[in-house]
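The values are calculated or read from the model by the stated rules, or taken from the named source; none is laboratory data. What you see is a predicted model, and the numbers here were worked out from it, not measured in a lab. Here the Cβ positions follow ideal geometry from the backbone for every residue, glycine too, while neighbour counts run over all protein chains shown. Areas reflect the complete protein model, heavy atoms only, side chains present, ligands, DNA and RNA absent. Shrake-Rupley method; radii C 1.70, N 1.55, O 1.52, S 1.80 Å.
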Amino acid sequence: MKIFKRTFDSTALTLLWILFGNFTITNAQKDTKDKPNFIIIFADDLGYGDLSSYGHPTIHTPNLDRMAFEGQKWTNFYVGASVCTPSRAALLTGRLPVRSGMASNKHRVLFPDSKNGLPSSEITIAEQLKKAGYNTACIGKWHLGHKEQYLPTNNGFDYYFGIPYSNDMDYVGKDIPGYKKLVQQNPENLKTENYNVPLLRNLEIVERPANQNTITKRYAEETISFIKQNKNQPFFVYMAHSLPHIPLFASKEFMGKSERGLYGDVVEEIDHGVGKILKALEDEELAENTIVMFTSDNGPWLPFETHGGSAGLLRAGKGTTWEGGMREPAIFWGPGLVKPGLITDLGSTMDLFATFSSMAGIQVPKDRIMDSFDLSETLRGHNPSPRKSILYYRGTELYAARLGDYKAHFITEGAYGQFGERTEHQTPLLFNLNHDASEQYNIAGDNEEIIRKIREMVQNHQSKLVRGKDQLAERE
Ligand code: MG
């Protein structure tokens, strides 16, 4: 009887919904309600091996691990470049930085005296999601131009709180022998006042030098307050942490706490903020309709030894086109939207543009070449990733290409004085990355056909490539 009653009730409710539901909720309200919220949490210089869920033995990241367990953990996920500025441009535009001009062979990133920034002709994810009625915020490090026209609020973001370039710039300390020696001599020398980096709210400088001891905590607070203010409409937050890029800073509660030392303190504070953001989403009953995505802009800055991160089993780090420079942890969490699992298919930060556009119900721009694949059906657990290849650029030069399991290096070069000089390879080095993630065993000799296919893919890409004007070269 009880069963019958329940069935009757639900049938009656369904009938009522069919008869009256469409009249009580307007289409516009329904559209907005259906659109998921998106939060990207982007670490700076965090390596593939720096989270406990990606194998680190002494850094504890329970909140990110929870996201990986309840969501999707991707193990072949890449960034668009191995240093800050071009990597950020790639994520925000869904295009290779060589197309937007946000890659250069003269300067690898933007500096406080750089003249230019992200061209206004580029469409950022924020500008794209605004078309679908999203409220948007950029919290954290920008690094796509510090002049007014280049700042987040002129690139599709309604709100900005953060630093305009890297946390090691605007150095004003006296007579230092360099960061590494300084810290080795006495960690007390690590003073936030030595870096005269401004902290902005929208277009105003609200603090200079930015207090970097508390900045990680404040980014989390700002993100949570934006979530709460915007809980009744779809929102997008691009939360780009300025750490664990050196110089390393953590707030009092985290200093000296991690078994991994200061670098671990910083990562654990970022993780703590992730936990608070997840809790805020749950408290506001937004978790079922929000995707939180975590990754990092490039691999670890290895010359800084214990102050740099770890690429785990991947070769080399930041600045190189070896896997350690460009493959990153990538976690998608969304209890109502993402089917949990381990994903070994290919993905890229550039794919977030098409993926979020598709989930928000809007078309990607048709007037330009995009490098963005829609991963939404992979997130839902329906289909494998549509991405089959990765192009590894250094500046404006293509150094390597991956097709399926195989990666060919046409040029190899270390960075920051490590991992060797630039070398061009007549016959590329070839690695099967699924068998040999550490790129140790060159198998070019036995695989001419695979090399031919990768060359063909590269030629096809290059024949259509229109290079953007270099935005990083000019300084004042
Ligand atoms: Mg970086």
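Among all positions in the range 418-440, there is no residue which is among the aliphatic types (A, V, I, L, M), modelled with pLDDT of 95 or more, within 26 Å of A89 (Cβ to Cβ) and out of contact with any strand residue (DSSP E or B) (no Cβ under 7 Å at 6 or more places or on another chain). Could you say whether any residue in the range 231-239 is under 19 Å from D45 (Cβ atoms) and open to solvent by less than 10 Å² (accessible area, probe 1.4 Å)? Yes, there is a match, as at least one residue in the range 231-239 is under 19 Å from D45 (Cβ atoms) and open to solvent by less than 10 Å² (accessible area, probe 1.4 Å). The set of residues in the range 355-368 that are open to solvent by 10 Å² or more (accessible area, probe 1.4 Å) and not in a loop (DSSP other than H, G, I, E, B) comprises S358, M359.
Applying the selection to the range 113-149, what residues are more than 28 Å from M359 (Cβ to Cβ) and open to solvent by less than 40 Å² (accessible area, probe 1.4 Å)? Listed by number, the residues that qualify are S114, N116, G117, G145.
Across the range 285-304, the qualifying residues are those that are open to solvent by 10 Å² or more (accessible area, probe 1.4 Å) and out of contact with any Gly (no Cβ under 9 Å at 6 or more places or on another chain), and the one among them that is nearest to the ligand (Cβ to nearest atom) is F304.
Scanning the range 41-83 for residues that are of a type in the set (S, T, N, Q), farther than 27 Å from G404 by Cα and open to solvent by less than 30 Å² (accessible area, probe 1.4 Å) returns a single hit, T61. Look at the range 245-257: where a residue is within 13 Å of the ligand (Cβ to nearest atom) and a partner is not in a loop (DSSP other than H, G, I, E, B), sitting 6+ places away or on another chain with Cβ atoms under 7 Å, you get I246/Y179; I246/F304; I246/H307.
The residue of the range 54-96 that is farthest from the ligand (Cβ to nearest atom), among those that are among the small types (G, A, S) and assigned to a helix (DSSP H, G or I), is A68.
Meeting the requirement of 3 or more residues that are over 24 Å from the mean Cα position of the chain (by Cα), the strands (runs of 3 or more DSSP E) wholly within the range 379-438 are 406-412, 423-432. Among strands (runs of 3 or more DSSP E) entirely within the range 244-349, having at least 2 residues that are more than 17 Å from the chain's Cα centre (by Cα) singles out 341-348. On the stretch given as the range 369-378, residues that are open to solvent by 30 Å² or more (accessible area, probe 1.4 Å), in contact (Cβ under 8 Å) with a residue 24 or more places away in the chain and over 18 Å from the mean Cα position of the chain (by Cα) total 1.
Selection over the range 439-476 of residues that are among the hydroxyl-bearing types (S, T, Y) and in a loop (DSSP other than H, G, I, E, B) gives a count of 1. Across the range 97-106, which residue is surrounded by the most Cβ atoms within 10 Å (Cβ to Cβ) among those that are in a helix (DSSP H, G or I) and of a type outside the set (G, A, S)? Residue satisfying both the conditions and the ranking: P97.
The condition of being assigned by TED's automatic domain parsing to the domain that holds M359, over 15 Å from F332 (Cα atoms), open to solvent by 40 Å² or more (accessible area, probe 1.4 Å) and not charged (D, E, K, R) holds for only one of H307, H272, that being H272.
For E284, the requirement of being assigned by TED's automatic domain parsing to the domain that holds K73 and under 17 Å from V237 (Cβ atoms) is met.
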